[in-house]
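Take a look at the structure below.
The values are calculated or read from the model by the stated rules, or taken from the named source; none is laboratory data. The shown structure was predicted, so the numbers you read here are calculated from the model rather than taken from an experiment. Reconstructed Cβ throughout: ideal geometry from the backbone, glycine too, with neighbour counts over all protein chains shown. Just so you know, the surface numbers come from the protein's heavy atoms only, side chains and all, with ligands and any DNA or RNA stripped out. Shrake-Rupley method; radii C 1.70, N 1.55, O 1.52, S 1.80 Å.
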Amino acid sequence: MGFPVYDYRTDVRNVLVTPQIRSRFLKMEPGQSAQLHSHDLGHEIFLILEGRVEFEIEGETEELGPGQMCVALADQPHTVRVLGDEPMTMYLSVTPHIHPTHTPRTEDGERLPHNFVPARAYDVEPDMQVSISELVARQVHAAELLEELAQACASVQQEMGNQLKTAVAEGDADAAAAARKAMWEALYPVYKATAELAEVWNMLAPRAS
């Protein structure tokens with residue numbers, strides 16, 4: 001069986017939702033608009049497939065049509081409004097996708113309280129078999145593991161970083177490559193542990209209310 005293939009004409013939904021990225025096809029009707037908001041951590045990419053829209057990003061506006069793309073960086077207030085008489089379809093992705101995923105903004109751009117939305121809002125079915133107590137225990141364990149790995153990584157970065165500087169200064173390419181390899185091998189588990197912490201958090205946070 002092959003991998004999934006998605007079509008923007010039929011799969012108008014979230015198609016991939018992980019802590020690293022949320023991606024979806026979105027259809028909006030003529031005149032429809034989105035509330036001004038931002039993402040504390042996520043950069044959002046918009047690619048227009050059909051129709052025309054007006055984007056506002058951090059107070060600047062641009063009109064986009066099929067084949068055009070724009071980006072709202074983390075913490076940049078943004079909104080979109082459909083222009084004309086035709087529906088608009090876009091592809092969008094937010095990276096990373098960590099709850100609370102949206103921070104509403106006033107018309108003046110002032111931050112409002114974070115918006116913790118249910119997992120189902122992103123087409124994710126929550127696992128109700130796992131209790132809140134179990135999720136909290138997983139969250140604490142993941143945080144403790146990340147702390148341990150980060151401390152070990154910091155030591156390696158200092159030691160190997162010094163070796164890297166010396167190797168580069170002396171023109172020793174093999175030693176520089178070895179130091180870089182050691183630095184990455186210590187850094188990689190930290191990124192993995194960060195993703196695991198985010199995954200548990202994304203399970204816990206929407207259920208807290």
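Summary table below
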{"quantity": "Proximal charge balance of Ala193 [Cβ under 11 Å; K/R count +1, D/E count -1]", "calculated": "-4"}
{"quantity": "Local electrostatic count at Gln139 - Lys and Arg +1, Asp and Glu -1, tallied over other residues with Cβ under 11 Å", "calculated": "-3"}
{"quantity": "Interchain or long-range residues, amide H under 5 Å from Leu16's placed H", "calculated": "Ser23"}
{"quantity": "q = 0.09, 0.13, 0.14 Å⁻¹, the chain: log10 I(q)/I(0) [Debye, one scatterer per Cα]", "calculated": "-0.51, -0.89, -0.96"}
{"quantity": "Carbon plus sulfur fraction of accessible area for segment 1-143, probe 1.4 Å, in percent", "calculated": "54 percent"}
{"quantity": "Highest-MSF residue in the chain out of Arg120, Arg105, Arg24 [GNM, Cα springs under 10 Å]", "calculated": "Arg120"}
{"quantity": "Under the Karplus curve 6.51 cos²θ - 1.76 cosθ + 1.60, θ = phi - 60°, whole-Hz ³J(HN,Hα) for segment 39-51, x wherever Gly or Pro sits", "calculated": "10, 4, 10, x, 8, 10, 10, 10, 10, 7, 9, 9, x"}
{"quantity": "Volume in Å³ per residue [convex hull over Cα atoms, computed for segment 1-86]", "calculated": "104 Å³"}
{"quantity": "Mean-position separation - Cα centroids, segment 151-192 and segment 36-65, in angstrom", "calculated": "39 Å"}
{"quantity": "Mean separation of Cα contacts under 8 Å, 6 or more apart, over the residue count of segment 94-209: relative contact order %", "calculated": "34 percent"}
{"quantity": "Mean shadow area of segment 42-137 over all directions, Cα convex hull, nm²", "calculated": "7.8 nm²"}
{"quantity": "In degrees, nearest ten, helix 132-170 long axis to first principal axis of the chain (Cα)", "calculated": "60 degrees"}
{"quantity": "Contour excess over end-to-end distance, with Cα ends at Glu86 and Leu187 and 0.36 nm allotted per residue", "calculated": "31.5 nm"}
{"quantity": "Å² of accessible area per residue within segment 34-181, as computed with a 1.4 Å probe and no ligands counted", "calculated": "59 Å²"}
{"quantity": "Probe 1.4 Å - accessible area at Met203, Å² to nearest ten", "calculated": "70 Å²"}
